[in-house]
Amino acid sequence: MVPSPRDLERTVVVGAFAGLATCVVYPAIILIPWKGVPLVAIALAAAMGPLLGIASWGGRTFLQLDRPRPSADLAALSNALAGALLTAMFLIQLASKMRTERLTREGEAVWLGLDVAWDVYMGLGTLVFALNAYTHPRLGRFVGAAGVLIAVALLGFNLATFPVPPANAGLVDVGPLVGLWYLVVTILTLRSLGWVRARAQALGQRS
């Protein structure tokens, strides 16, 4: 069944707002001390995976409105898996700290492994998404090239310093740059809603 123009437009909009929420929730989990309100931290950690998955599907739809792009499915799937791994990592950290008041060496080892695993999937998804963005009329070469460079750095630094996080090994933590890049993509998507509506209606007329 071919989605209606209204459904296509709604998917892009919902995905864009999920992307904005992700850009707020992720730094909140990282930067805010949640010692006195663990339930809020748990709720935010649990929300990361679904939010990233919804944002990725919306981004995939935005890319596909230009023309059929099979690799956009890979980007969405990889980013959704990254979200699931990130949620697992956060919840393991919270569970370890709540039970022992500190992160045990065993818990830290699991956390570090999941940290690299989610970065690998996120790096792959970002790389494929950026390659598609390079030829997308509403994103363009500059956005695409920047995304490719950031994704390659994310993958390379994490694999090179495993199991130590890149920031702890004297390299740069590329994670914030990934978040900033997706924030730019999300803003450009929201500014393209007129184009989204026109493309969705054009595709609906063809089907």
Could you please let me know if residue 81 is among the aliphatic types (A, V, I, L, M), more than 18 Å from residue 186 (Cα to Cα) and either surrounded by fewer than 21 Cβ atoms within 10 Å (Cβ to Cβ) or more than 11 Å from the chain's Cα centre (by Cα) (or both)? no
Right, residue 171: at pLDDT below 90, surrounded by 15 or more Cβ atoms within 10 Å (Cβ to Cβ) and of a type in the set (A, V, I, L, M) or not? yes
Failed condition for residue 77, given (1) touching a helix residue (DSSP H, G or I) at 6+ places or on another chain (Cβ under 6 Å); (2) more than 28 Å from residue 38 (Cβ to Cβ); (3) assigned to a helix (DSSP H, G or I), with all others met? (1)
Of everything in the range 133-184, what is closer than 29 Å to residue 70 by Cβ and small (Gly, Ala, Ser)? Give them in sequence order. 133, 140, 144, 145, 146, 147, 151, 153, 156, 175, 179
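Matching residues to (1) modelled with pLDDT under 95; (2) more than 19 Å from residue 75 (Cα to Cα); (3) of a type in the set (Val, Ile, Thr):
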| residue | (1), (2), (3) |
| --- | --- |
| 117 | yes, no, no |
| 131 | no, no, no |
| 143 | no, no, yes |
| 163 | yes, yes, no |
| 166 | yes, yes, no |
| 184 | no, no, yes |
| 188 | no, no, no |
Among residues belonging to the range 10-25 that are surrounded by fewer than 21 Cβ atoms within 10 Å (Cβ to Cβ) and touching a residue at least 60 places away in the same chain (Cβ under 8 Å), point out the one that is nearest to the chain's Cα centre (by Cα). 23
Using beta carbons and a limit of 6 Å, which pairs, at least six apart or on different chains, have the first residue in the range 48-74 and more than 16 Å from residue 3 (Cα to Cα) and in contact (Cβ under 8 Å) with a residue 60 or more places away in the chain and the second one β-branched (Val, Ile, Thr) and outside any loop (DSSP other than H, G, I, E, B)? 55/22; 71/128
Index of the failed condition, residue 157 passing every other in (1) aromatic (Phe, Trp, Tyr); (2) surrounded by fewer than 19 Cβ atoms within 10 Å (Cβ to Cβ); (3) touching a Pro at 6+ places or on another chain (Cβ under 7 Å): (2)
All but one of (1) in contact with a helix residue (DSSP H, G or I) (Cβ under 6 Å, 6 or more places away or on another chain); (2) touching a residue at least 24 places away in the same chain (Cβ under 8 Å); (3) under 28 Å from residue 4 (Cβ atoms); (4) not aromatic (Phe, Trp, Tyr) hold for residue 45, so report the exception by its number. (3)
Starting from the range 185-206, keep only residues that are among the polar types (S, T, N, Q), then list their pairs with residues that are in a helix (DSSP H, G or I) whose Cβ atoms are within a distance under 6 Å, requiring at least 6 positions of separation or different chains. 186/16; 186/19; 186/20; 189/16; 189/62; 201/5
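The values are calculated or read from the model by the stated rules, or taken from the named source; none is laboratory data. Values in this document were obtained by computation on a predicted structure and should not be read as measured data. Please note: Cβ atoms are built from the backbone with ideal geometry, for glycine as well, and neighbour counts cover all protein chains shown.
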